[in-house]
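Okay, so here's the structure we're looking at.
What follows draws every value from the coordinates through simple rules; no lab data is involved. All values derive from a computational prediction rather than experimental measurement. All Cβ positions, even for glycine, are placed from backbone atoms using ideal geometry, and neighbour counts span all protein chains on display.
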Amino acid sequence: MITVKRLSKSFGDHEVLKNISIQVERQEVVCIIGPSGSGKSTLLRCLNLMETPTSGDVWVEGENLLDPRTDINKFRRKMGMVFQQFNLFPHMTALENITLAPTKLNRKSKTESGILARELLKKVGLTDKADAYPRSLSGGQQQRVAIARALAMEPHVMLFDEPTSALDPEMVGEVLQVMRQLAKEGMTMIIVTHEMGFAREVADRVIFMDNGMVVEEGKPGEMFVSPQNERTKLFLSKVL
Ligand code: ADP
Ligand code: MG
C-alpha cells in the first residue's frame, strides 16, 4: 500500500532522514519507535507531503506522490493524520469538527456527513458529546474526537504521531482502545509511539529508528524479546 524508497530529508545542511526504505502492506499495523529527534515525525510528515522529501520516492497505492502529475490533495485525503496535540477547532462542537472537512472537500451533504459523524462518535465512545465544545472535553475525549475527525474523510491509511503523549496517564487507555479497535477492523495504520506495551500487542511490525535511519525492523515478538542491533538493545533497555 505504501512504499518508501531511499527517502532523504534535510533541513538546511542537517540531514534528518537518511536513505529510508520501508514498505507497508494493506491492513498492516506498523509502529515506529525510537529516541526523540530520530526523525519519526519527519518521516510521517513526508508520507503525506506535509514535508517535501529532499530525495527518494513515496508510493501510495501504486502512484508516486513526488511525480508532479500526481494530485497530491487526493492522496492527502486518503491519509488520516492524528497528532500529539489534538488541534480541534475550539469554536466548533465535536460534531462540527468532524463534519467540516467532509462537507467542504468530499462534497458530502450536511445530512450525510452528520450521519457519518454520529456513527464515528459512537465508534470512539462519545455518542453523547456531539454538541460539546473541545474545552469541555478531557484530553482523552478530545483526542478521540480528533480520531473521528480523521476517519470522517474515509482514509485508506491512518498516520498517528504520538497520539497519547500529551495525555494524562489515566486517559491513555481509552485512546489506545479506539486504535486497537481500528486495527481489528483492518485499518492500515502507521503509529509513532512510546507505548511499548501497545506496540507489542497491536503492531504487525515494529520499526526502530535512530539518527534518521531505520536501524532495525521486525515482528514485535522478535524485536522486543531479542533485538539484534546494539542501538535497539540500548533504546529498549531504557524504555521497557
Ligand atoms: P522525532 O519525531 O523522532 O522526535 P523529528 O522528526 O521531530 O524527530 O526531528 C528530527 C530532527 O529534525 C530533529 O533534529 C529536529 O530538530 C529536526 N527538525 C524537524 N523539523 C524541522 C524543521 N521544520 N526545521 C528544521 N529542523 C527540523
Ligand atoms: Mg516526533
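Annotations for the structure displayed:
- Note on E61 and S8: the model spin-label points, each 7 Å out from Cα along the C-beta direction, lie 3.1 nm apart.
- Per-residue [θ]222 nm for the chain (sum of -39500 (n - 2.57) over DSSP H runs n ≥ 4, rounded to 500): -11000 deg cm²/dmol
- Between E15 and S226, the FRET efficiency from the beta-carbon distance, with R0 = 35 Å, is close to 0.70.
- Integer Hz, Karplus 6.51/-1.76/1.60 couplings in order for region 225-232, x for Gly and Pro: 8, 9, x, 8, 8, 4, 5, 5
- Additional length obtainable on full extension of the chain from N73 to E185, 0.36 nm per residue less Cα span: 37.8 nm
- Region 41-198: C-alpha gyration tensor shape, a/c 1.5 cut-off, then a/b vs b/c: oblate
- Using a Förster distance of 22 Å, the FRET efficiency for T111-D131 (Cβ separation, nearest 0.05): 0.85
- Between the exposed loop cleavage positions of the chain, defined as trypsin sites (Lys or Arg not before Pro) in a non-H, G, I, E, B DSSP state with at most 16 neighbouring beta-carbon atoms within 10 angstrom, the longest gap is 108-240.
- E170 paired with H194, simple spin-label distance in nm, labels 7 Å along Cα-to-beta-carbon: 2.1 nm
- Of G221, G80, G62, the residue with the greatest mean-square motion in the GNM of the chain, using alpha carbon springs below 10 Å, is G62.
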